[in-house]
Amino acid sequence: MSFEIERKAIEGHLNTNWTDATSKILWDNVQVLTPIAGKTLDLRILHTDSTPSEIGASPSFSRYKGLVSCAASVPENTGTAALNTMIDAFCAIFRKKKLSPATGHYITFGVPYLRELGIVEGRRLTVIYVPFYRDSLE
Amino acid sequence: MSINLQLQVKEAFKLAGQQVSGLLKTVTYVNVTASGVYNVTLGTITNTTVSYVITDAILSDFKYHEVNNIIKGGSTIVKTGDQKLLIPYASLSITPTLDDTVSIDSATWNIISHKLDPTKTAVHIFQIRRA
């Protein structure tokens, strides 16, 4: 499984399951029309160290680990109810889910966790991290 | 602001172009009118755009003391290579956005900032940057 297949799988999973039409998803490195207002999710796929792995004598595979990072935000001074609703919906989409974008290949997600960024440039921001790993036979 | 002044400014651009060879540039202004739907497979969004071919634009460098500074009335820092683009309002009667782009000699330039002349209706003044 390539990084591109991984991107398609993760973005596609979110795109298919995200139902809040009042919010906007800001896809990585894709133009978003200004001004950015209302509720937004700013999605990034981050990667950490990868390792070779083996089960017994064979097969040998590579384990790629990463984080789905999503900055959820709402306008300043609008409370946190809408923000928390977005966070809950996002977490439910990924929490302990397993995707299979190709036969025999899986992306396995862990339990999401949050980091509060507070008010940034007029928006209340919380970053959601969802750890994941995927294995590739090579 | 009268339509008459807008036309006078446009005429002034035309006269200047007659006096100084090569002063006027033909540019294609691409106005984004609506956001498209994200295509997960391609990883892109194709927005809805309307193109305007402008035949009387003036392109110039920023003055050396404007580079790395914020120009008067602007809000963004001018970087080396940025260009100033002047378009008569009569040639582009829309409200530009920072999502728009300009095509000049087959190269795409992003709109970094936009303001109007002091009368607010005669000339568009753009700060543009090579995409």
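Considering only strands (runs of 3 or more DSSP E) fully contained in region A:88-138, which possess at least 3 residues that are surrounded by 13 or more Cβ atoms within 10 Å (Cβ to Cβ) and under 11 Å from the mean Cα position of the chain (by Cα)?
In region A:88-138, A:123-137 are the strands (runs of 3 or more DSSP E) which contain 3 or more residues that are surrounded by 13 or more Cβ atoms within 10 Å (Cβ to Cβ) and under 11 Å from the mean Cα position of the chain (by Cα).
If B:THR26 satisfies all but one of (1) modelled with pLDDT of 90 or more; (2) surrounded by fewer than 15 Cβ atoms within 10 Å (Cβ to Cβ); (3) within 14 Å of chain A (Cβ to nearest Cβ), what's the number of the condition it fails?
Unmet for B:THR26, out of (1) modelled with pLDDT of 90 or more; (2) surrounded by fewer than 15 Cβ atoms within 10 Å (Cβ to Cβ); (3) within 14 Å of chain A (Cβ to nearest Cβ): (3).
Condition check ((1) within 14 Å of chain A (Cβ to nearest Cβ); (2) modelled with pLDDT under 85) across all residues:
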residue: B:GLN6; (1), (2): no, yes
residue: B:ASN39; (1), (2): yes, no
residue: B:ILE45; (1), (2): yes, no
residue: B:VAL53; (1), (2): no, no
residue: B:VAL67; (1), (2): no, yes
residue: B:ILE71; (1), (2): no, yes
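From the list A:ILE45, A:ILE10, A:ILE25, pick out the single residue that is under 22 Å from B:ASN39 (Cα atoms), touching a Gly at 6+ places or on another chain (Cβ under 8 Å) and either β-branched (Val, Ile, Thr) or touching a residue at least 40 places away in the same chain (Cβ under 8 Å) (or both).
Selected residue: A:ILE45, the only one of A:ILE45, A:ILE10, A:ILE25 that is under 22 Å from B:ASN39 (Cα atoms), touching a Gly at 6+ places or on another chain (Cβ under 8 Å) and either β-branched (Val, Ile, Thr) or touching a residue at least 40 places away in the same chain (Cβ under 8 Å) (or both).
Any idea which residue in region A:8-24 is farthest from the other protein chains (Cβ to nearest Cβ), counting only those that are more than 16 Å from B:THR41 (Cα to Cα) and not polar (S, T, N, Q)?
A:ASP20
Please verify whether A:ILE5 is touching a strand residue (DSSP E or B) at 6+ places or on another chain (Cβ under 9 Å), outside any strand (DSSP E or B), within 14 Å of another protein chain (Cβ to nearest Cβ) and surrounded by 15 or more Cβ atoms within 10 Å (Cβ to Cβ), treating the condition exactly as stated.
yes
Residues of region B:40-68 being over 27 Å from B:ILE94 (Cβ atoms) and either in contact with a Ser or Thr (Cβ under 7 Å, 6 or more places away or on another chain) or surrounded by 13 or more Cβ atoms within 10 Å (Cβ to Cβ) (or both), which ones?
B:VAL40, B:GLY43, B:VAL67
The values are calculated or read from the model by the stated rules, or taken from the named source; none is laboratory data. Keep in mind the model is a prediction, meaning the values are calculated, not measured. Cβ atoms come from the backbone with ideal geometry, glycine included; neighbour counts cover every protein chain shown.
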